1. Just want to confirm a number: the relative contact order over the chain, from Cα pairs under 8 angstrom separated by 6+ residues, in percent.
2. Label the range 21-79 by shape, choosing from rounded, prolate and oblate, from the square roots a ≥ b ≥ c of the eigenvalues of the Cα gyration tensor; if a/c is under 1.5 it is rounded, and otherwise prolate applies when a/b is larger than b/c, oblate when it is not.
3. Against the longest alpha carbon principal axis of the chain, how many degrees, from 0 to 90 and to the nearest 10, is the axis of helix 416-425 turned?
4. Could you tell me what % of all Cα pairs in the range 102-327 have separations over 31 Å?
5. What list of ³J(HN,Hα) couplings, whole Hz, do you get for the range 1040-1056 from phi and the Karplus terms 6.51, -1.76, 1.60, once you set θ to phi - 60° and write x for glycine and proline?
6. Which entries of LYS189/LYS232; LYS520/LYS609; LYS996/LYS1070 have Cα-Cα distances beyond 25 Å here?
7. In straight Cα distance, which lysines are under 30 Å from LYS692, not counting same-chain residues fewer than 8 positions off?
8. Taking only the alpha-carbon positions of the chain and ignoring solvent, what does the Debye formula give for the base-10 log of I(q)/I(0) at q = 0.05 Å⁻¹?
Amino acid sequence: MTNGDGKKVCVTTAWEYTKAIGNLEIDFDANGDVLSCGGSPKFPYDGTSMVADSALSADDLTLVNNHLNSLGGQFIATAQDSATLTLLTNYSGQVDALKKLKIADVPVTLCYDRFPGEGRSTACPKNATEKQGGAACQLVAQAFLYVSKTADFAIQNGGGCRSDIVAGNLSYNGAITMLPFANLIVTLKMTGAQVKQVLEEALDYGLSAGGSSGAYPYASGLRFDVNCNMSKGSRFSNMEVNSRLTGTWTAIDPLKNYTLGTNSYTAAGKDGYVSFASVQASLVNLQIDYAEGLVTYAKAVGTLTIPPLSDWSTQAYTNKVGVSFGAGARGMKLTILHMNDHHSHLSGETISLKQTSSMNVTGVKDIRITLGGFPRIVTAYNRLKAEAEVAGRTVLKLHAGDALTGTSFYTLFKGEADAKMMAMVCFDAFALGNHEFDDGDSALAGFIQKLKTSNSSCPNTAVLAANVVPGASSPLIGKIQKSTTLTVNGEKIGIIGIDIMGKTMMSSSPSAGTILTDEKAAAQTEINTLLAAGVNKIILLTHIGYDLDQEWIAGLSGVDAVVGADSHTLLGDSSTTTAGLSIGGLYPTVMTNGDGKKVCVTTAWEYTKAIGNLEIDFDANGDVLSCGGSPKFPYDGTSMVADSALSADDLTLVNNHLNSLGGQFIATAQDSATLTLLTNYSGQVDALKKLKIADVPVTLCYDRFPGEGRSTACPKNATEKQGGAACQLVAQAFLYVSKTADFAIQNGGGCRSDIVAGNLSYNGAITMLPFANLIVTLKMTGAQVKQVLEEALDYGLSAGGSSGAYPYASGLRFDVNCNMSKGSRFSNMEVNSRLTGTWTAIDPLKNYTLGTNSYTAAGKDGYVSFASVQASLVNLQIDYAEGLVTYAKAVGTLTIPPLSDWSTQAYTNKVGVSFGTGARTASPTKGTPAPTTAPTASPTASNATSPPGSVTVTKVVGTMAMEVANCTMFTGMPGVEGAVAAGFASAIGVAASSVKVTLSCPSRRLASGLLARRLADAVNAEYEITIPAGSTTITAASVTSVIVSEGATGLSSKIATIMTAANIVGVNLKVTSVPMPETKTFVSTPSTTLSTAKSASISTSTPKSSSGTESKSSSGAESRLSSTWISQLIAVCLGIMGSQAVAC
C-alpha cells in the first residue's frame, strides 16, 4: 500500500491457531524507504502421517507431499522440536486428566433432539421431545446467551448439538462430546424482521428433501410458535423476546435492532441460516469455543437442570403433517375481532360528532362522518388481524348474530347480499340471533348455505346455537352446531352459540316444531361437554343482550369470555366518550364466573359501525390472566361534512383529533373487491325499489288531525270524520309486523304522503315513511295508554307543539273531543287485540303490549309517558318503512281499512264542531266497567256544598315496610325516593308525578338482640297517590285494588326494575308488608290574602275491622257535611291570620 508520504508499505497477518507462519521479506534503500514487499505464508505440516478414509499409504503420502512441495514453497514438511514437544506433552497429559473431572451436576437427563419428536435421543423416548424439542440443545442456547454478554438472545442449530446430557455429572469430555465441532461463539446484529426471516429460512432448509434436520433452531431469550404444516414465511408466529431472560416476554419488534449470539458455522450462512451471511459486517467473534461456552456456563451454575418450559424457544409446535403438540408453557394471547347486529346495514352509517377544542373547525357545531360499511370493515378486519399476529397473538373473527332484516338489502335479496359480505370478512363462527328466524327455518337454511358457499376460500364459518332444537323436518338439521372447537397452535378454543329464547319464539317465526330451550341451562350443558373433551378456553357467543350476559356470568362455570349481542350496546372508555359517543359500560367488562375466575364480557354496538377488538391473555391452564382491548371505529377519513364538505385543512384537524383517541378511530379505505360486490347489489336495489310491491285500487288520503288538509290528492273533507286512511294503514302494517302487540300506535307526523291509486313501490313506501325509525314494542296499562294519548293530543293542540302528534292506531279505537280539557279528550276507548276478536272496553289495570316507532317510543312528539316504560321496550330492528313494505307484500293489495277498525271513531275539533260517531257497529262502551268497590264518599258530591272556588282532590295514602342492607345508607342515596315512587307508579299504572314517597329509618333505641338486627335493615315508606281529577279510568278504588293485588312481591319487583333503570345499584330491596291504604279527600280553597292555596285533609275512608271487613261508621252525607264545615272554618282562619297560616 502507500502511506501518508506516498511511500510503499507492506501489510500482512498470519491466520490463526499456529496453522501458519508469515514469512515477510522487505527490501529497503539506503534512506530506509521500502523498495519491495515479498514473501509468503508458510504452513509447517506433518509429512509423515495423513488421513483420508484411513491412514494414507507410503505411495499416497509421496503423491501428496509432491503436490504440496509444488505450491511455491508455502507448505513445508516439518518435524517437531523435541524439547518443545516434551513440554507440550506434559500439559496435554494434565488436560486429558482434567477433562475427565466433573464440572457440573446433572440431576436428570437432558434429552437430545433436533426437530421436536424426531427421536435422535439415545436416552429418552421419542415423546419426551415432541412438544417443545430437546432440553439438551435448549440448555446449550442458554449457555451461549450467558457467555454472549451483549446479546439479547442466542440461537443454536439443533445439528450443532450431538448427544444427550445424561444424568450424573458433566465433564469437559462430555461437553466436547455434546459440542464436538470447531465452532466459535459470535454475535450478530439483526432487526426483528430479519430474525424471523432467518428462522423461516433455516426451518425451510430443515424440512426440504436435500436439507438437514440439524437446521431446527433452539434459542434462549427468544420464543415462538412453529407450524411446519404452513408454507415458508408463515411457519413462525407469536415471536417474543425477553432480553437476556431478565425481564418480561414482549412481542418481537420487526423494526428494532437486536444483538444475538450464535455459533460461527451458522453465522456463515450454513445449515440454511442464509440471512446471517448478509449481516457479516456486524459480526463480533468472541473467540470462545462453543464447547468452552457450555463449560463456562456449567461451572458458573454448578448444576445443570432443564430450563423452565416457559423459557424454551419452541412453545406451540405443529409437525409437517399438521399434528399439533400443545401451546407450550406460556399460555395463549388471543385477540377476538367481533361484530353483531348489523341487520343488513351493508353500507356505511353516518354519525355526528360534537365539535371540540382539539378539532377547532371554525364555525361548525357538528361534524358528520361515515362509519363502517362492509367494504370498509373488511379492510379493517384484515388490518387488525395482521397487527395482532405480528404482535404474536392468535386471532378469531366472530359475529354474534342478527345479521338479517332491517334494510332493503334484506327485503330484496333475503340474506344473499349479507352472506356475500360476511364471507368477505370470513368469520370463524356466527351465532344465530332472533331475527335470523324472521322468515322461518327454510329462509335461514338458505342463508346459511349462501354463507358457506359465497367465498370458496371461506367455507368453514361455523353457525352456532346450542339452545336451538330444529323440528323433525326442519331444513336447519345438519346446518347448525351447538359449538365448535378450533385448534390453534395445538390449543383448543371452544365457542358456544346461544340465542334469546322468548323473543325468538314470540316475535320471530321459527318453523313449526323448531324450539329454543333455556339459554343458561343450554350454555352450561355445552360448557361441560367441552370441558370433558379437554377444551380449557371457552367463549360464549351470545345473542341475549348485555344485561343478561352480565347477570348470568356468576352462575356459569368454565366460561372465559362472553361476546354478546342483541342490546345494541356500545361499550368503551374515556376515549370513546371524548369522541362524543355514549357508552353503556366499559370495554371490556371484567367479571367473575361461577368458579371465581376472571371472565371478559363485551359487545360491539350495531350496523357495522364498530369492530370489537378483545384481547385475552390465558395462562397455561387456560385461565384468563387479563382482559384488554377497545372498540375500533373504521371511518372514512377522506370525506366529512358539516354545513358543507370539510376543506382539506379541516379534514386534517378532525383526523388528528380522532387519531388522538387511543387508537379507537381508524381511517380506513374500502376493500375494492367487497365494494364491487356491494355496488352490484346497490344498483339492483335502486332498480328494484322502482318495482311494484302492491296494488292500490283507490287513493289512501294522508292527513294528521282529521280535516287538517295535508293531503295533496284528496279534498279536506275526505279526512274530517276519522282522519287519513294512509296513516291508518301504516298503523295496521305496524300491528302486522309486531307479532306480540295487542295494538299499534303511529304518530300522524311520522307519515308524510298519500298512497296514490295505482301501485306502491319501495320508493313510494320510503316517501311515505322517510325517517330513520325502527318498530318497537312497549308494555303499558290501559290507564297509561290513555294518559300517553292525552299527552300527545295536548301537544298537538298546543301553540308550540306539532299536529304530527295526532295518533293513529290499529287494534285500538276511541272518540276524540279536542274541545275538552287535557285528560278528558279521549273516551269510549276500546281494544280488539290484533284485530282478531271483538271490540271491548280498555281495561285501565290490564297490561297491554303495543307497537310503535322508535321516535315516539323515546317520548317525542308529546308521547311523554312512553319514555317512562323504557324497561319494557323491545326493538324489533325493523325499519318502519320496511314494516309497510312487508305488510304490502303480504296482502298484495292495499285497500282502505274497514271504518269500524279506524282508531278515530267520533271526532270533535277544538272549536267544538263534531263530525259523526264513526262506524262502530254497536253502542259504544262508555268508559270502563264500574269498580267492584266504590269509595265511601264521592269526591264530586261534596262540591255542591264546598266554598266557592274550592277544588276537591282525592288521594290514596298508606305505608309499606321494606328491608335493605343498611337503612341509613339507602335513604341517603340520591334519587332513591323518586325511584321508589316511580316503581310504585309503574305497578299501579299512574304517572310517576302522581306518587309521592317519604322514606325513614325506624328508631332502634328500645331494640335489642335479634329485634335490633331486624330493625337495622328496615325502611318505612309513606306514600301518597293523587287520583287524576275527573278520571273515570283511574279511581281510588282501582288504585287500591291494584296495590292489594300486587302485594309485597309485585311491588318489590317493580321498584327493583325502576331502581336498576335509574342506575341505583347494589341495593337488595324487599317489600315485606303492604297494609290496606286509605282514601282521603283534600279541599283546596283559594285565599284572598295568600298567593298559594291551602288545603285541609279530611278522611273519608271506610274503617276496617281487624278481620279486614268493613265496619259501620258515619254516613257519606255526614262526612261531606264535616268536610264543608271544616273547609269553611279553615278558609276563615286563613283570611284572618294571613302570614301565620301554619297555625291554621
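Any read-out appearing in this document is the output of simple, stated calculations on the displayed coordinates, not a laboratory observation. Here the structure is a predicted model, which means the values were calculated and not measured. Using ideal geometry, Cβ is built from the backbone for each residue, glycine included, and neighbour counts are taken over all protein chains shown.
1. Details: 2625 pairs, mean separation 75.6, N = 1144.
Once divided by the residue count of the chain, the mean separation gives 7 percent.
2. Working: a/c = 5.10, a/b = 3.76, b/c = 1.36.
Here the range 21-79 falls in the prolate category.
3. Rounded to the nearest ten degrees, it is 40.
4. On the way: 3006 of 25425 pairs.
Tail fraction, whole percent: 12.
5. 4, 4, 5, 4, 5, 6, 5, x, 5, 5, x, 5, 4, 5, 5, 5, 4
6. On the way: LYS189/LYS232 23 Å; LYS520/LYS609 29 Å; LYS996/LYS1070 19 Å.
Checking Cα-Cα distances, LYS520/LYS609 exceed 25 Å.
7. Partners within reach: LYS414, LYS420, LYS450, LYS716, LYS739, LYS889.
8. -0.53
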